[in-house]
Structure formats: C-alpha cells, structure tokens
Amino acid sequence: MQPQNNRDVANCMECYASEHNVTEEVAFAAVDSMIEDEWKTTNQSIKHGCQQLPAVQRVVNFTLSGPVYYGDRKDAFTFSLHLDDIIKSLFVKPIPI
C-alpha cells in the first residue's frame, strides 16, 4: 500500500490495513462499520432523553462528527483539505432558497 501523502504520515486507513494485514478496501469497510455502529449507539443514548453533563455532551458531539471526518471514504482528520467543501457549504456559500 502506497502512502497517499507527501508528509510521510500514515492515515487511519493505512494504519488499520497494516495493523490487521488487510487490503485498503477491507480497512475502509471496517472503519465504515465502526462509524455506523458508534453512530447508532450514540443516537440511542440521546434518544432516551437523559440530561447529560457538559463533559459528556462534548464527547457525544465529537462522536457524532465521525461521519464528517471519515465519511465518503476520505480521511479528513489527517488530510484537512477534504473539509474545505464542508466548511465552505456551512459558512461561505449561501443556501439556495
């Protein structure tokens, strides 16, 4: 597997693939599955409507950001260039009415 950056930093998919000795496609599928499972668990805990402490709410908010960072088979946590479109759509581009 070739590193996909010129900074010699392995992204999470490369780390998972080398740690578990699997292909990059299997690593993507595994991370997608982990994100989906954690998203379901987080939403289920929110659904019960219990009041959460501020520290717990921060952890929940960070957990819900997983699909933003790792969705669409991109590693936006390691390579922040993938976040440009999201940030522009939220804060720069006007919403069509």
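Here's the yes/no breakdown for (1) of a type in the set (Phe, Trp, Tyr); (2) outside any helix (DSSP H, G or I); (3) modelled with pLDDT of 80 or more; (4) under 17 Å from the mean Cα position of the chain (by Cα):
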{"position": "19", "(1), (2), (3), (4)": "no, no, yes, no"}
{"position": "29", "(1), (2), (3), (4)": "no, no, yes, yes"}
{"position": "67", "(1), (2), (3), (4)": "no, no, no, yes"}
{"position": "72", "(1), (2), (3), (4)": "no, no, no, yes"}
{"position": "95", "(1), (2), (3), (4)": "no, yes, no, no"}
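Yes or no: residue 77 in contact with a Lys or Arg (Cβ under 8 Å, 6 or more places away or on another chain) and either in a loop (DSSP other than H, G, I, E, B) or touching a residue at least 12 places away in the same chain (Cβ under 8 Å) (or both)? Please lay out each step first, then the result.
On the way: in contact with a Lys or Arg (Cβ under 8 Å, 6 or more places away or on another chain): no; either in a loop (DSSP other than H, G, I, E, B) or touching a residue at least 12 places away in the same chain (Cβ under 8 Å) (or both): yes.
It is false that residue 77 is in contact with a Lys or Arg (Cβ under 8 Å, 6 or more places away or on another chain) and either in a loop (DSSP other than H, G, I, E, B) or touching a residue at least 12 places away in the same chain (Cβ under 8 Å) (or both).
Do we find that residue 55 is of a type in the set (Gly, Ala, Ser) and not in a helix (DSSP H, G or I) in this structure?
Criteria not met by residue 55.
Filter region 15-46 for residues that are surrounded by fewer than 12 Cβ atoms within 10 Å (Cβ to Cβ) and hydroxyl-bearing (Ser, Thr, Tyr) and give the result.
Hits for region 15-46 are 23, 33, 41.
Restricting to region 58-85, name every residue that is surrounded by 12 or more Cβ atoms within 10 Å (Cβ to Cβ) and basic (Lys, Arg).
Within region 58-85, 73, 74 meet the criteria.
Which residue pairs have Cβ atoms closer than 7 Å, lie 6 or more positions apart in sequence or on different chains, and pair a first residue in region 44-60 that is modelled with pLDDT under 75 with a second residue that is surrounded by 11 or more Cβ atoms within 10 Å (Cβ to Cβ) and among the aliphatic types (A, V, I, L, M)?
Between residues of region 44-60 that are modelled with pLDDT under 75 and residues that are surrounded by 11 or more Cβ atoms within 10 Å (Cβ to Cβ) and among the aliphatic types (A, V, I, L, M), the close pairs are 46/60; 52/60.
Among the numbered criteria (1) modelled with pLDDT under 75; (2) within 13 Å of the chain's Cα centre (by Cα), which one does residue 39 miss?
So the condition that residue 39 fails would be (1).
The values are calculated or read from the model by the stated rules, or taken from the named source; none is laboratory data. Just so we're clear, the structure is a prediction, and the values are computed from it rather than from any experiment. Note that we place each Cβ from the backbone using ideal geometry, even for glycine, and neighbour counts take in every protein chain shown.
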